[in-house]
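Here's the structure we're looking at; comments come further down.
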Amino acid sequence: MLSQLKKPIAYLKGVGPKRAEKYEKLGIRTVYDLLCFFPRDYLDLTSPVEISAAMPNEQALIKAKVFKKLPPARIKKGLTIFKAAVTDGSDDMTITIYNSEYAFNGLAVGGEYLFLGKVTGSIIRKEMGSPLIFNAASDDRIQPVYHLTEGLTQQALRSHVRQALGYLDSMIYEPLPEEIRKREGLCSLVYAFENIHYPKDVYSMQQAKKRLVFDELLTLMISMLMLKSRSRELGGYRITDTDVEEFFKALPFEPTGCQQRAVRECLADMKGETPMNRLLQGDVGSGKTAVAAALAYAAAKNGFQTALMAPTEILSVQHYETMRRFLEPLGVKVSLLTGSMTPKQKEDIKKELAEGLCSVAVGTHALVQKTTQFRELALVITDEQHRFGVEQRAALAQKGKNPHKLVMSATPIPRTLALMIYGDLDISVLDELPKGRQPVETYAVTGKLRPRVYNYIRQHLDEGRQGYIVCAMIEEGENELQSAKAYAETLSKGEFKNYRVGLLHGKLPAAQKEAVMADFCAHKLDLLVSTTVIEVGVDVPNAAIMVIENADRFGLSQLHQLRGRVGRGEFKSSCVLITDNVKEDTVKRLKILSKTNDGFKISEEDLKLRGPGDFFGSRQHGLPELKIASMSEDMAVMQRAGAAARAILERDPKLEEPAHRQLRDLAHDMIHSIED
């Protein structure tokens, strides 16, 4: 049924091979792609004004007849001006067209048109230069406006979309099962396509969008669930001995109930015939690494290896130290593999991994290099997965034979969004903090209070604590942002000259970063001026105060991540947000952070305020780009679409029933876009 719509775009009249290349730049290859290339805006041609009422230097829509066409005037080489006189009975107006004989010839004397443009001249003699021109007899009074690329015009695109819509007239195309369509109160898909491109009125456009949003989210959820079931069909490494009581007893703290629950959920997966594919979500400091260590312990007991990949060297070292502390007393060997190691160090560790002499490897992207081989890699753990490209994650998994996969994220993702991004994963949540963790008191102030803030920092340092000051940039540059380098120097010579001040930023060589962090951990530094490089992974229990400059420049989730670096010990901790931006939305955002330490609540608000595009800052999480649905605005629709997707697949797992075949084609297309 989709074969007609799957024809290459070049088949449309007026397209051809050259224009097809232009369409390719917009991601449009087929007739169906063009139908799914939705307008970015609309021109409303429903309310023309009389010429006599049109105000000079303002945009106006005029409905008028051409009563005279003047001879072309060639002003200079390459510039020809065409003029026509029009009237609507209330007054006359001159239309000027520059360098377009085609548009001028399209105007017929006696013909009635709609002219949209800026009115110039005077009250007595009105003109309109380079207007958009539409046939007044057309029923299309709401005209689509599309994103363009060089070589394509709105007029051409509208014409080609019109043709594409004609393909729908000759076929019954309805991928949505009738009972779902009725339950959701959705229009037909043909109606939706027609009225998203050429809506009869605003209501028709809204109905069209409602249907297309539901379809897109349903297809996405079905795709994710099919990916999940497909991974379930693959054989994995079965963990037969799942007793980790010895591990829990050896921990230097009492594990939380949710940590124990997460370990049980993961081990139940690893015990099964199909590989685990699970997301472990936990707020800052909720103890994800202890869960990962418990699973690595179970894998080692069964004779298998584990790889833990982190996005930065600092975080890798942190994980390595933690895993080694938990596992080596139990006889499990842990190694670190990072890009900054010497060739000899790398060679030795890779040899141990290949021969199975090392049970746990922690590292950065060095783990996925071709020269890194494992003997029996049964468990792959990635931390802060959205920071890795799809290819890096796949490359690590290919080091074993369909290993178990655990994704850890300290970025609390709203559950609904997590289902979309990680819909092919089961989800475990760590929703309680370990005993002794203190909530971080958070205050938002303006720069006027900076002297008091400095005094507050000194109070903490004088009590033997340590602190952070976080800046948004590392070099002299745009706007009013503080340079971390200059700032650290100013503080060390001024307000904090009697204290040991360090500097940490992303452009420092890895060895230097580690040296600075080692000094801070060992309390050889009192105050660390840093960029967001300390956002994840740095664990200094003695740090009890953080100040974040230009706090309005960060998202809420990132601010929450940053303040999670303090409050990790027994001391009462504080975070001060400094901003001179007192706009209403900034104040509202920072108040949210001051009121709650719940990362999941904060992430929900962050998603509402910033949208999913900014939530991660990139599309590296492997989610296909949505054409019409919005993760932040259409959460309720997504939940209903998810429920419908699960119901459909429970009844027909491979979508083989006639009523589901068109849906299957759409899902397969989306799966290809996810995997590409």
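The values are calculated or read from the model by the stated rules, or taken from the named source; none is laboratory data. Worth saying up front: this structure is predicted, and the values here are computed from it rather than measured. Methodologically, a virtual Cβ is constructed for each residue, glycine included, from the backbone with ideal geometry; neighbour enumeration extends over all protein chains shown.
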Checklist entry - Any idea which of GLU480, GLU476, GLU495 is at pLDDT 90 or above, assigned by TED's automatic domain parsing to the domain that holds GLN561 and in a loop (DSSP other than H, G, I, E, B)? => result GLU495
Checklist entry - Is it true that some residue in the range 290-308 is closer than 30 Å to GLU633 by Cα and within 24 Å of the chain's Cα centre (by Cα)? => result no
Checklist entry - Among LYS63, LYS77, LYS22, which is basic (Lys, Arg) and surrounded by fewer than 17 Cβ atoms within 10 Å (Cβ to Cβ)? => result LYS77
Checklist entry - So, of the residues in the range 303-322 that are of a type outside the set (Phe, Trp, Tyr) and touching a Phe, Trp or Tyr at 6+ places or on another chain (Cβ under 8 Å), which turns out to be surrounded by the fewest Cβ atoms within 10 Å (Cβ to Cβ)? => result PRO311
Checklist entry - Quick one: which of SER316, SER286 is outside any helix (DSSP H, G or I) and more than 19 Å from THR240 (Cβ to Cβ)? => result SER286
Item to check | Number of the exception - LYS228 against (1) buried (at least 22 other Cβ atoms within 10 Å of the Cβ); (2) charged (D, E, K, R); (3) not assigned by TED's automatic domain parsing to the domain that holds ALA378 | outcome: (1)
Item to check | Criterion: surrounded by fewer than 18 Cβ atoms within 10 Å (Cβ to Cβ) and closer than 20 Å to ALA472 by Cα - qualifying residue of LEU508, LEU503 | outcome: LEU508
Item to check | Scan of the range 236-259 for residues that are basic (Lys, Arg) and part of a loop (DSSP other than H, G, I, E, B), ordered by number | outcome: ARG238
Checklist entry - Quick check, is ASN99 assigned by TED's automatic domain parsing to the domain that holds SER52 and either free of Cβ contacts under 8 Å to residues at least 12 places away in the same chain or at positive phi (or both)? => result yes
Next on the checklist: If I filter the range 353-364 for residues that are assigned by TED's automatic domain parsing to the domain that holds VAL407, among the polar types (S, T, N, Q) and in a helix (DSSP H, G or I), do I get at least one hit?
Outcome noted: no
Next on the checklist: Condition first: more than 22 Å from VAL119 (Cβ to Cβ), in the same structural domain as GLU127 (by TED's automatic domain parsing) and at pLDDT below 95. Can you find one or more residues in the range 80-91 that meet it?
Outcome noted: yes
Item to check | strands (runs of 3 or more DSSP E) contained entirely in the range 1-109, each with at least 1 residues that are closer than 17 Å to LEU148 by Cα | outcome: 41-44
Item to check | Criterion violated by VAL119 - all others in (1) touching a residue at least 60 places away in the same chain (Cβ under 8 Å); (2) under 20 Å from LEU157 (Cα atoms); (3) not acidic (Asp, Glu) satisfied | outcome: (2)
Checklist outcome for this item: In the range 138-161, anything among the hydrophobic types (A, V, I, L, M, F, W, C) and either exposed (fewer than 13 other Cβ atoms within 10 Å of the Cβ) or farther than 27 Å from LYS63 by Cβ (or both) is listed as LEU152
Checklist entry - Between residues in the range 422-434 that are over 22 Å from ASN597 (Cα atoms) and residues that are among the basic types (Lys, Arg) and at pLDDT 80 or above, which pairs lie under 7 Å by C-beta distance while being six or more apart or on different chains? => result LEU425/ARG278; ASP426/ARG278
Item to check | Candidate set: the range 565-590, residues that are in a loop (DSSP other than H, G, I, E, B) and of a type in the set (Ser, Thr, Tyr); chosen: the one surrounded by the most Cβ atoms within 10 Å (Cβ to Cβ) | outcome: SER573
